[in-house]
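The structure appears below as structure tokens.
Where a number appears in this text, it was derived from the coordinates with a stated rule and is not lab data. Computed from a predicted structure; not experimentally measured. Cβ: placed from backbone, ideal geometry, glycine included. Neighbour counts: every protein chain shown.
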Amino acid sequence: MHYSLSKIASLIGARRYGKDDAIIDWLLTDSRSLAFPETTLFFALRTQHNDGQRYIPDLYRRGVRSFVVGSLPEDHEKFFPGANFLLVVSPLKALQRLAERHREEFNLPVIGITGSNGKTVVKEWLYQILLPDMSVTRSPRSYNSQVGVPLSVCLLNEGSEIGIFEAGISQPGEMQALAGMIQPTIGIMTHLGEAHQENFSTPEEKCIEKLALFKDCQLIIFNGDDKTITDCMSMALIRGNQLAWSRKDEDCTLFIRAVEKYKDNTVVKYSYFREDGQYTLPFIDDASIENSIHCLAACLYLQLPKEVIGERMAHLEPVAMRLEVKEGARDCIIINDSYNNDITSLDIALDFMNRRPNPSNRCHTLILSDIMQSGMSSEELYGRVAAMVNHRNVQKLIGIGPDISAQGHLFHTDKHFFPDTEALLASGMLQGLHDEVILIKGSRKYNFEQISDLLSLKVHETILEVNLEALVENLNFYRSFMKPETKMVCMVKASAYGAGSIEIAKTLQDRGVNYLAVAVADEGADLRKAGITRNVIIMNPEMSSFNTLFEHRLEPEIYNFTLLEALIHAAKKEGITNFPVHIKLDTGMSRLGFNPKTDMERLIDRLKRQKALIPVSVFSHFVGSDSPDFDAFSAEQFALFDEASRRLQDAFPHSILRHICNSAGIQRFPERHLDMVRLGLGLYGVNPINNQIIHNVSTLKTTILQVRDVAATTTVGYSRKGRLKRASRIAVLPIGYADGLNRHLGNGNCYCLVNGQKAYYVGNICMDICMIDVTDVPCKEGDTVEIFGDHLPVTVLSDTLGTIPYEVLTSVSSRVKKVYFQG
Ligand SMILES: *Cc1c(COP(=O)(O)O)cnc(C)c1O
């Protein structure tokens, strides 16, 4: 977008303070993402947990001069000379209003997509199908929220020929605002699932809320076989035409006659207005098939010829809604975002690279291909890219392709250009990269997988995928039970419940969590070395680790007098005063902690008679906060804690944070949150109250090494345990109990998922290998297998084993590589 400040003020109905009529090209809602201060307009959004107003001084110092605010900063003329303030009642509403006005400037088809699952895939596939014929503006990644949608809609520009935007809601009443901004002419309702059901009383209520997006659409596309959707369509007073597709009803406008699944593709045969057509999809899972049918319906309505649709469907690419971070060779970190390449996603990826703490000062390197179909001239396009490269702190650029090479003079960093990927691979340059953070960003046709493969460490094919976006959603889920002022400790002990503590801690630090907690001092030191600056609590400080605590300012838990004396002694020797410690009281666990009934007087006295340590918090732990069976006991624990912790507080003039709730307690006992809460399992996606998955974070995956047919008389594995009942196909997987796959899951006790279907373990699980029965499951060598995760809840495994999900998650061995991604 490109508006003057005065125009924006009139569009959003703001009162303007300041004289300068700046030109605005960038809208900013998150101060950490600033790149172009002079032409940025910052919206100081107020959320439950944060107030954007707090970031104005920092942004001002960094050169931003235009702000949309809910209240004027005090003495703004004195403290912010030359700044422009647009005063409104609600900065969020103003942002949305601006998007609405901006949208109204455009008379073009806009596809609005909602539903519980598949929104981003349908959007990205439509983009892939339509792109060769028209200039598409779409939501970047899954920007589908109250803030994401206005930022997406404001990307519409004179070159746009069609808009495709996602709308996601989690609560009643949210869709109306999104509908006003997107103003879709074509609506698509994707699969309706369980997500966010907790905020709605019935699936119908949620469906009707979603349908509010479509109230002024010309056409609504949906699955006519889904009863909830069809019932709600009639209840929701939808005016537009309906394009229901069906696999059962031959009279439907779009009748799906047959879905034929083969080994690695699916043929879908349909008739549209009674005319037959078909396409081949390079996927076989049900979700992909359903998503492709939604795309088919939209393309038929847009009058794309059937042959063209068939041709493009055959080449659909899996949608990588993610930016992968992995360790590379020679101490490089690889950020792989090489599935699409446009200027918006480039900026997001560069921002992501910049925001990661970079303590060892690795060089920031960008490997970038030509950007296709931008609708801009080469000079303009690469001029903008060069500005980004500059503002986003890229130190080395490797450009691939004729266009970027021809514009090489625009870049002023260390730069290298190659005509194509092969030339780069052949140059040997990649092997020379070391100690760098490397962002790989390329259009599909440049096959950047080859670059990422070459830079990556070769590893065991078993990986744990960790979804950092889901982690943040879980964090927000728990924050929704809390008062804004209540502080939070996030537990990243046991390698963040198996997910790997460093990347998790980076994400939590970025999200403003107050404290992180680990078990031992060395784990804390690792966090410090990785650039974590947040307060870190050490739950089990060993006597031998005191110097590590002092050196890295890691705050120990103190649970008895022996430890207290030893730490006072050690701190004195180092001449340390006021070192922060956390006092643990044992109110019923009978584990570690001071006795709240008998120890308080002596504890207070001892703490008062020294200067080396200062108690900054006091806490205890519930024995059974997850279950009403223990509610009476939890109440006793709380009463004991409440009394004893008050005594401690009353004895000191400074305030001491009191905390007792863990994940289950946060949800079940809002009245007991006190000053702070401690979030553990729930952060990693398992709700301890009912063992349901909130948003899945970790997925343990492996690949099929070998498939073989064996006779019914054969046995499989050690001790001839795997006896077969029939001639079978057996697949071998490179994962065993040494990776954390519990041996008791073997011998048919549990299953994994191969291409979405269950395959049971056959015979004993070995140390590094296991075998599964795939007699009825179409699969081949190299196919991906899910051990637990997105489609197979970890609780299925823990239930089979008669244990708790905590144990299964923390058992994943450190030799299993972790790959992190942003949803
Ligand atoms: C592990 C732990 C927690 C977190 O418990 P969850 O049930 O995982 O939420 C909280 N407090 C203490 C002291 C812990 O050790």
(request) Would you mind ranking Val697, Val774 by Cβ crowding within 10 Å, fewest neighbours first? (result) Val774, Val697
(request) Just the ratio, please: alpha-carbon radius of gyration of the stretch 688-754 over 2.2 N^0.38 Å, N its number of residues. (result) 1.39
(request) Sum up the charges of everything whose Cβ sits under 15 Å from the Cβ of Asn755, counting Lys and Arg as +1 and Asp and Glu as -1, but leave Asn755 out. (result) -3
(request) Would you please give the FRET efficiency between Lys78 and His391, computed as 1/(1 + (r/R0)^6) with r the Cβ-Cβ distance and R0 = 35 Å, to the nearest 0.05? (result) 0.75
(request) Would you please give the FRET efficiency between Lys721 and Glu327, computed as 1/(1 + (r/R0)^6) with r the Cβ-Cβ distance and R0 = 51 Å, to the nearest 0.05? (result) 0.85
(request) Averaged over every viewing direction, what's the projected area of the C-alpha convex hull for the stretch 145-283? Give it in nm², one decimal, please. (result) 10.3
(message) Report D for the stretch 324-455 in µm² per second (integer): Stokes-Einstein, Kirkwood Rh on Cα pairs, 20 °C, 1.002 mPa s.
(response) 147
(message) Can you give me the long-range amide H partners of Met488? Hydrogens built in the peptide plane at 1.01 Å from N, cutoff under 5 Å, separation of 5 or more residues or another chain.
(response) Asn514, Tyr515, Val677
(request) For Gln757 paired with Thr810, estimate the spin-label separation in nm (one decimal), with each label point 7 Å from Cα along the Cα-to-Cβ line. (result) 3.8
(message) Skipping prolines and chain starts, which residues have an amide H placed within reach, meaning under 5 Å, of the one on Gly115, given they are 5 or more residues away or on another chain?
(response) Thr190
(request) List, in the order given, every pair from Lys584/Lys608; Lys123/Lys210; Lys19/Lys78; Lys493/Lys529; Lys227/Lys261 whose Cα-Cα distance in the structure shown is over 19 Å. (result) Lys227/Lys261
(message) Taking the beta-carbon count within 10 Å as an exposure proxy, list Thr548, Thr800 from fewest neighbours to most.
(response) Thr800, Thr548
(message) Highest mean first, how do 426-432, 718-724, 462-468 rank when packing is the count of other Cβ atoms within 10 Å averaged over residues?
(response) 462-468, 718-724, 426-432
(request) Just the ratio, please: alpha-carbon radius of gyration of the stretch 89-129 over 2.2 N^0.38 Å, N its number of residues. (result) 1.54
(message) Quick one: 3J(HN,Hα) in Hz for the stretch 461-470, Karplus 6.51/-1.76/1.60 with θ = phi - 60°, rounded, Gly and Pro as x.
(response) 6, 8, 9, 9, 8, 10, 8, 5, 5, 5
(request) Would you list, by chain and number, the lysines whose Cα falls below 26 Å from the Cα of Lys721, excluding same-chain residues fewer than 8 positions away? (result) Lys701, Lys758, Lys780
(message) Can you tell me what share of the DSSP beta bridges in the stretch 324-455 is antiparallel? A percent to the nearest 5 is fine.
(response) 15
(message) Please compute the length gained on full extension between Gln48 and Glu565, using 0.36 nm multiplied by the number of residues separating them and subtracting their Cα-Cα distance.
(response) 181.9 nm
(request) Per DSSP H run of at least 4 residues, take -39500 (n - 2.57); add these up for the chain, divide by its residues and hand me the 222 nm value, nearest 500 deg cm²/dmol. (result) -9000 deg cm²/dmol
(request) Pull out the extension gain between Thr784 and Cys363, defined as 0.36 nm times the separation in residues minus the alpha carbon to alpha carbon distance; nm, one decimal. (result) 148.2 nm
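Sorted from fewest to most neighbouring beta carbons within 10 Å, what does the list Arg46, Arg61 look like?
Numbers: Arg46 16, Arg61 10.
With the fewest neighbours first, Arg46, Arg61 line up as Arg61, Arg46.
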(message) Assuming 0.36 nm per residue, please report the length gained on full extension of the stretch His654 to Asn447 beyond their Cα-Cα distance.
(response) 68.5 nm
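Have a look at the DSSP beta bridges in the chain and tell me what percent are antiparallel, nearest 5.
40
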(request) Could you work out, for the stretch 463-684, what percent of all Cα-Cα pairs fall into each 10 Å distance bin, beginning at 0 Å and stopping at the bin that holds the largest distance? (result) 8, 34, 37, 19, 3, 0
(request) Sort 151-158, 256-263 for me by packing, meaning the mean count of neighbouring Cβ atoms within 10 Å per residue, highest on top. (result) 151-158, 256-263
(message) Place a point 7 Å from Cα of Asp20 in the direction of its Cβ. Which residues in the stretch 37-70 have their backbone N less than 17 Å from it?
(response) 37-43, 56-69
(request) Give Lys396/Lys441; Lys487/Lys573; Lys93/Lys215 a once-over and call out the pairs whose C-alpha atoms are over 23 Å from each other. (result) Lys487/Lys573
(request) Report, largest value first, the span of the C-alpha coordinates of the stretch 59-180 along each principal axis, in whole Å. (result) 54, 35, 25
(request) Report the antiparallel proportion of the DSSP beta bridges in the stretch 106-313 as a percent, rounded to a multiple of 5. (result) 40
(request) For the stretch 3-20, take each phi angle, set θ = phi - 60°, evaluate the Karplus expression 6.51 cos²θ - 1.76 cosθ + 1.60, and give the result in whole Hz per residue in order, putting x for glycine and proline. (result) 10, 7, 4, 5, 5, 4, 4, 6, 5, 9, x, 9, 8, 9, 10, x, 9, 7
(message) Using only the alpha-carbon atoms of the chain as identical scatterers, what base-10 log of I(q)/I(0) does the Debye formula give at q = 0.06, 0.10 Å⁻¹?
(response) -0.45, -1.28
(message) Can I get the semi-axes of the stretch 698-821's equivalent ellipsoid? Compute them from the C-alpha gyration tensor as square roots of 5 times the eigenvalues, in angstrom, largest first.
(response) 23, 16, 13
